[in-house]
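Step one of this worksheet: look at the structure below.
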Amino acid sequence: MDARTKELIEELAQEHTLSAGGYEHLVRHQDEQSAALLAEHATAVRKRVYGTDVYVRGLIEFSSICKNDCLYCGLRASNHSCQRYRLSREQILSCTDLGYDLGFRTFVLQGGEDGWFDDDRLCDIVQAVRAQHPDCAITLSVGERQRESYARLREAGADRYLLRHETADPDHYARLHPTSMSFDNRMRCLYDLRDLGYAVGVGMMVGSPYQTPAHLARDLEFIDEFKPEMCGIGPFIPHHATPFASMPAGTLEQTCYLLSIIRLIHPPVLLPATTALGTIDPFGREKGMLAGANVVMPNLSPTDVRSKYLLYDGKICMGDEAAECHRCLELRMERVGYHVVVDRGDPKAAIA
Ligand code: SAM
Ligand code: SF4
Ligand code: FES
């Protein structure tokens with residue numbers, strides 16, 4: 001680690017912000033020492049805000065049908081080898097009931113952009129979950145929709161929304177998506193969601209195709225500006241039936257390095273150690289926690305559909321029951337000194 005890198009890390013730990021040039025310097029000067037120093041500061045900040053608590057989110061992957069064609073994703077419409085399914089309202093409600101009994105107090109309903117789930121159907125499901133579990137948070141992750149649709153879902157009882165920005169650079173965005181999708185619309189969605197009172201989650205893949213240090217610096221600047229309540233980052237992992245099949249995966253080291261930086265930029269951010277991180281390394285989620293993460297998202301989907309929701313190759317937990325994943329993560333977190341709690345896990349105010 002050179003003197004300038006050390007100085008920037010100390011500045012970030014103190015001020016919780018850097019110039020764009022500062023972020024790019026940090027991204028370019030990742031080594032074992034700079035990663036260790038960042039993790040040390042990030043852990044101190046994480047413990048100040050959240051102690052050793054780990055929040056769990058029960059992920060329900062309710063549809064593998066998607067009209068979009070994001071070049072990186074195994075669910076893209078052009079992938080004809082993907083097995084498509086959608087869960088019924090009753091199946092979704094039995095997932096939330098099971099999850100509630102296991103101790104989950106946040107449910108994440110995630111899926112492809114599946115037109116069958118129009119506003120009436122999705123609002124009906126959100127209302128039903130809300131009525132059955134009034135003490136739980138409901139998070140949606142169903143892609144880009146009209147402002148009116150986001151407003152109706154919010155009224156129906158949704159509290160949070162995950163929509164990764166994917167990259168904060170419009171040219172890079174265009175290389176990862178078909179021409180039918182636009183960076184401007186993605187930003188419009190994120191600002192609409194915020195405006196409507198959702199807790200909003202952004203995020204990006206680490207090591208996505210064509211990504212440069214300048215792009216990552218722009219992502220960090222965006223996170224600094226937007227101050228999202230949540231930020232989902234995980235390594236890009238290729239899927240064999242996409243145009244990016246032969247692209248290299250992102251790394252554990254760079255993902256952990258960025259997790260630490262993001263924790264320092266925005267101390268109260270809810271930061272998951274993602275399934276993708278657990279996929280590229282057997283202890284990826286533990287290492288993510290030790291870098292500053294404070295959330296894990298075990299799968300609550302029925303086991304018979306797990307293998308059909310394949311965003312990337314090698315996804316873990318394909319045959320494990322929800323109860324097994326929950327227990328497995330409790331033990332994994334305990335082993336590194338953190339504790340899964342029964343809590344909605346709302347974002348806390350930063351503690352100075
Ligand atoms: N369809 C919704 C959307 O796009 O926001 C929600 C589901 S989508 C599959 C959730 C996230 O998976 C995306 O935001 C993307 O960052 C991530 N993802 C997709 N393909 C991936 C891949 N090959 N490697 C790692 N993450 C991937
Ligand atoms: Fe569809 Fe989301 Fe995959 Fe894009 S990332 S193809 S919107 S499921
Ligand atoms: Fe699913 Fe470990 S988290 S088996």
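The values are calculated or read from the model by the stated rules, or taken from the named source; none is laboratory data. Please read these numbers as outputs of a predicted model, since none were measured by experiment. Cβ placement follows ideal geometry from the backbone for every residue including glycine, while neighbour counts extend to all protein chains displayed. Just so you know, the surface numbers come from the protein's heavy atoms only, side chains and all, with ligands and any DNA or RNA stripped out. Shrake-Rupley method; radii C 1.70, N 1.55, O 1.52, S 1.80 Å.
A few notes on this one:
- Within region 223-236, the set of residues being in contact with a Ser or Thr (Cβ under 9 Å, 6 or more places away or on another chain) and either away from ligand 2 (no atom under 16 Å from the Cβ) or more than 18 Å from Pro272 (Cβ to Cβ) (or both) comprises Asp224, Met230.
- For beta carbons closer than 6 Å, sequence separation of 6+ or different chains, a first residue in region 211-240 that is closer than 24 Å to Gly314 by Cβ and a second that is of a type in the set (Gly, Ala, Ser) and open to solvent by 40 Å² or more (accessible area, probe 1.4 Å), the qualifying pairs are Pro235/Ala249; Ile237/Ala249; Pro238/Ala245.
- Any hit, region 222-237, residues being crowded, with 18+ Cβ neighbours inside 10 Å and more than 26 Å from Ala199 (Cβ to Cβ): yes
- Ser208 vs. criteria touching a residue at least 40 places away in the same chain (Cβ under 8 Å) and within 16 Å of ligand 3 (Cβ to nearest atom): no
Let's see how each residue does on (1) without any contact (Cβ under 8 Å) to a residue 40 or more places away in the chain; (2) more than 29 Å from Tyr198 (Cβ to Cβ); (3) not hydroxyl-bearing (Ser, Thr, Tyr):
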site: Arg306; (1), (2), (3): no, no, yes
site: Asp313; (1), (2), (3): no, yes, yes
site: Arg327; (1), (2), (3): yes, yes, yes
site: Gly345; (1), (2), (3): no, no, yes
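- Screening the candidates Thr17, Thr43, Thr5 for the property of being of a type outside the set (Gly, Ala, Ser), surrounded by 17 or more Cβ atoms within 10 Å (Cβ to Cβ) and under 24 Å from Met230 (Cβ atoms) yields one hit, Thr43.
- Here Gly288 fulfils each of the conditions (1) within 12 Å of ligand 1 (Cβ to nearest atom); (2) farther than 19 Å from Glu166 by Cβ; (3) not aromatic (Phe, Trp, Tyr) apart from (1).
- For region 28-76, taking the residues that are within 16 Å of ligand 2 (Cβ to nearest atom) and touching a Lys or Arg at 6+ places or on another chain (Cβ under 6 Å), the one that is nearest to Tyr257 (Cα to Cα) is identified as Cys70.
- Qualifying residue in region 238-248 (condition: away from ligand 3 (no atom under 16 Å from the Cβ), under 22 Å from Leu329 (Cβ atoms) and surrounded by 21 or more Cβ atoms within 10 Å (Cβ to Cβ)): no
- Whichever residue in region 263-311 is open to solvent by 10 Å² or more (accessible area, probe 1.4 Å), more than 16 Å from ligand 3 (Cβ to nearest atom) and not hydrophobic (A, V, I, L, M, F, W, C) and, among such residues, is nearest to Thr96 (Cα to Cα): Lys308
- Annotation: of all residues in region 58-77 being more than 11 Å from ligand 1 (Cβ to nearest atom) and touching a Leu at 6+ places or on another chain (Cβ under 9 Å), the one that is nearest to His133 (Cα to Cα) is Gly58.
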